[in-house]
Each structure stands twice: as C-alpha cells, then as structure tokens.
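The values are calculated or read from the model by the stated rules, or taken from the named source; none is laboratory data. Just so it is clear, the model here is predicted, and its values are computed rather than measured. For neighbour counting, all protein chains shown are included, and Cβ atoms are generated from backbone atoms with ideal geometry for every residue, glycine included.
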Amino acid sequence: MIVKPTLEIMISTMNRSDLSFLGGMFPDMDLSLYSILIINQTKLNQDLVSTTEGIRVINSREFGLSKSRNLAIENAIGDILAIADDDIEYLPDFNKTILRAYKKYDQASLISFQFLDENDQLQKKYSKSEGYTTSTKRPLSSVEMTFRVKDVREKGIKMNENFGLGTSFPSAEEQIFKDSLLRHSLRVAFYAKPILKHSRKTSASNQGTPGFIRAITAQKYLVYKNWTYLWLLKYVLFLYRYEYISFFEQPKAYKIGIKAINDIKILENEA
C-alpha cells in the first residue's frame, strides 16, 4: 500500500498571545484539515497556547528567524515541512498543490513554488522551466520552500543561524539552506504553481540596501571563498548598471561587501 506523505506548515512569529492571526493566513479554510507548528519567539510573560487539535505551539525566548526554523526542523512531525511567515495568505488547495508536486518529483528533497503579490500577479520573475535543478544562482524566498524533514535531519542540515532576520546578515539563509542540500547530493526541484500571496517585497527587490549587500556577499564567501573579492567587483557594477545604486555609491557598496567578508570569516573561524 502506498502511504501518502503528510504535510506540516511551520509558522515563525513573535510576541503572540492568541491564534487570531491564523485567520488571515488561512482565509475561509478549515484549520482542522491542516497540521500546523507555530514557533512563537516571545518577550511576553504570557505564552501562546493552542487547544486546537492539529495546531502545536512552541514558545521560545531565543530570537532570530533561522533559530526559529531550526527549532521547527527539530520538532516537526510531518513528512514535508512548508515554511511560512505570519503575514502570508495561502491559496485554496495549496496543500494539494504541494503534495502533487512531491508525487511528480518524487526524488526531490526540496521543492520550491511560486507566490503572488497583492494584485494576484507573480511576485517576481521565475524560471521558465519546471523540474529538477542544480542551479545555485536562482534567488529563493523562504515562503516558497518546502522540504522532506527526514532527508534534512539525516544529513544534519540546518539553517545557518548567522543569517536571516535578527542577525547582521538579514537575508540569504534560504539560498545557503538550498546549497547545503545540493552539496549533500540531495535533489532540488521547482514547481511552477503559486501556493500563496505575500504583499511584502522580497529581499531581491532591495539589492542596493546595505543589509542585502552584506548578506549576499557573506553567502557568496561561503561558496567562493577568496574568489568572492572578484565576484564583489562584478556585483557592484551590476548594482550600478541596473540602477540599484548610483555611480557615487559604488565605493560605499564595495566597502560594505569587504566588511561582510571579514565579518563572516570571523564567525566561521569561531564556529
């Protein structure tokens, strides 16, 4: 008998005292049909509590988005874990779309999807080709990501806690996670269907900000090591060419990248 994999939705949130926010995430949906794990990083004296079957809550006094997601990886009970933020809106039958993708690409340990903006348009440009991929260049948003928990646990793969919101490298943790799967010879796929709506701009749309430059440069250092200095020169020219920064901002952007390389070197040596 073929056993269908189970899906669990992991939601990272902060300072919550009730579950009312779930109504916006799952509009007109029966929550009893879903398995949900909420990681509530909180400074409040009152913990978030769930009395609803199928909705589990872990309250944590540690902060950082990657720490939240690692806690979910440790405590997940579903076969497939979908990463969610507390300000997204899932589309009808999103769960069926995810499970359909894992049936089609049954060798995949990670499958990414599309998501829409507030106008029901694709939030960003996606690959024209669907299927298995080994590309490390395609930008990835966390809410697009789903993965097989068993595969990730067996390889000891976690989110890099030096990256993500709440750290000095506030993005790029998704790409590092995906790269880790590929390095461990796990298969990654892209399924060209949207599963949610998210009005907030992606980090890739703010490439000229100091935080993004820091994070992407540090992430590239983990891959390219000393070749990152050459990559950084090309990247600064790219930012200028596509008008993310002005001509006069190029030296500043390069200095931000150099400091990011030095900082990630220190963190890696400490680890």
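The table for this structure:
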read-out: Members of the range 160-197 that are among the hydroxyl-bearing types (Ser, Thr, Tyr) and crowded, with 23+ Cβ neighbours inside 10 Å; value: Ser171
read-out: Any hit, the range 94-110, residues being farther than 27 Å from Ser129 by Cβ, touching a Lys or Arg at 6+ places or on another chain (Cβ under 8 Å) and surrounded by 15 or more Cβ atoms within 10 Å (Cβ to Cβ); value: no
read-out: Only one of Thr97, Thr13 that is in the same structural domain as Thr167 (by TED's automatic domain parsing), at pLDDT 95 or above, closer than 20 Å to Glu144 by Cα and assigned to a helix (DSSP H, G or I); value: Thr97
read-out: Qualifying residue in the range 118-129 (condition: outside any loop (DSSP other than H, G, I, E, B), more than 24 Å from Gly78 (Cβ to Cβ) and not charged (D, E, K, R)); value: yes
read-out: Residue that is closer than 23 Å to Leu116 by Cα and either surrounded by 20 or more Cβ atoms within 10 Å (Cβ to Cβ) or of a type outside the set (A, V, I, L, M, F, W, C) (or both), where the choices are Asp85, Asp47; value: Asp85
read-out: Per-region count, the range 13-51, residues out of contact with any helix residue (DSSP H, G or I) (no Cβ under 8 Å at 6 or more places or on another chain) and of a type in the set (Phe, Trp, Tyr); value: 2
read-out: Residue within the range 141-158 that is of a type in the set (Phe, Trp, Tyr) and either modelled with pLDDT of 95 or more or part of a loop (DSSP other than H, G, I, E, B) (or both) present; value: yes
read-out: Filtered residue count, the range 105-134, keeping only those that are of a type outside the set (A, V, I, L, M) and within 8 Å of Val188 (Cβ to Cβ); value: 5
read-out: Test: Arg214 is touching a Lys or Arg at 6+ places or on another chain (Cβ under 8 Å) and either of a type outside the set (A, V, I, L, M, F, W, C) or over 29 Å from Thr6 (Cβ atoms) (or both); value: yes
read-out: Residue identified as crowded, with 18+ Cβ neighbours inside 10 Å, of a type in the set (Lys, Arg) and either assigned by TED's automatic domain parsing to the domain that holds Tyr254 or farther than 27 Å from Met25 by Cα (or both) among Arg214, Arg153, Arg148; value: Arg214
read-out: Odd one out for Ala204 among (1) assigned to a loop (DSSP other than H, G, I, E, B); (2) aliphatic (A, V, I, L, M); (3) modelled with pLDDT under 95; value: (1)
read-out: Within the range 1-21, tally of residues that are hydrophobic (A, V, I, L, M, F, W, C), closer than 29 Å to Lys43 by Cβ and surrounded by fewer than 20 Cβ atoms within 10 Å (Cβ to Cβ); value: 3
read-out: The listed residue being surrounded by 13 or more Cβ atoms within 10 Å (Cβ to Cβ), in a helix (DSSP H, G or I) and of a type in the set (Phe, Trp, Tyr), out of Trp231, Trp227; value: Trp231
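Quick grid of which residues meet (1) over 24 Å from the mean Cα position of the chain (by Cα); (2) within 25 Å of Lys125 (Cα to Cα):
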{"site": "Gln175", "(1), (2)": "no, yes"}
{"site": "Tyr191", "(1), (2)": "no, yes"}
{"site": "Ser199", "(1), (2)": "no, yes"}
{"site": "Arg214", "(1), (2)": "no, yes"}
{"site": "Thr217", "(1), (2)": "no, yes"}
{"site": "Phe247", "(1), (2)": "yes, no"}
{"site": "Ala260", "(1), (2)": "no, no"}
{"site": "Ile264", "(1), (2)": "no, no"}
{"site": "Glu268", "(1), (2)": "no, no"}
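Yes/no per residue for (1) farther than 18 Å from Ala172 by Cα; (2) out of contact with any Pro (no Cβ under 9 Å at 6 or more places or on another chain):
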| site | (1), (2) |
| --- | --- |
| Ile55 | yes, yes |
| Leu71 | yes, yes |
| Ile77 | yes, yes |
| Asp85 | no, yes |
| Phe94 | yes, no |
| Ala108 | yes, yes |
| Glu118 | yes, yes |
| Lys128 | yes, yes |
| Thr136 | no, yes |
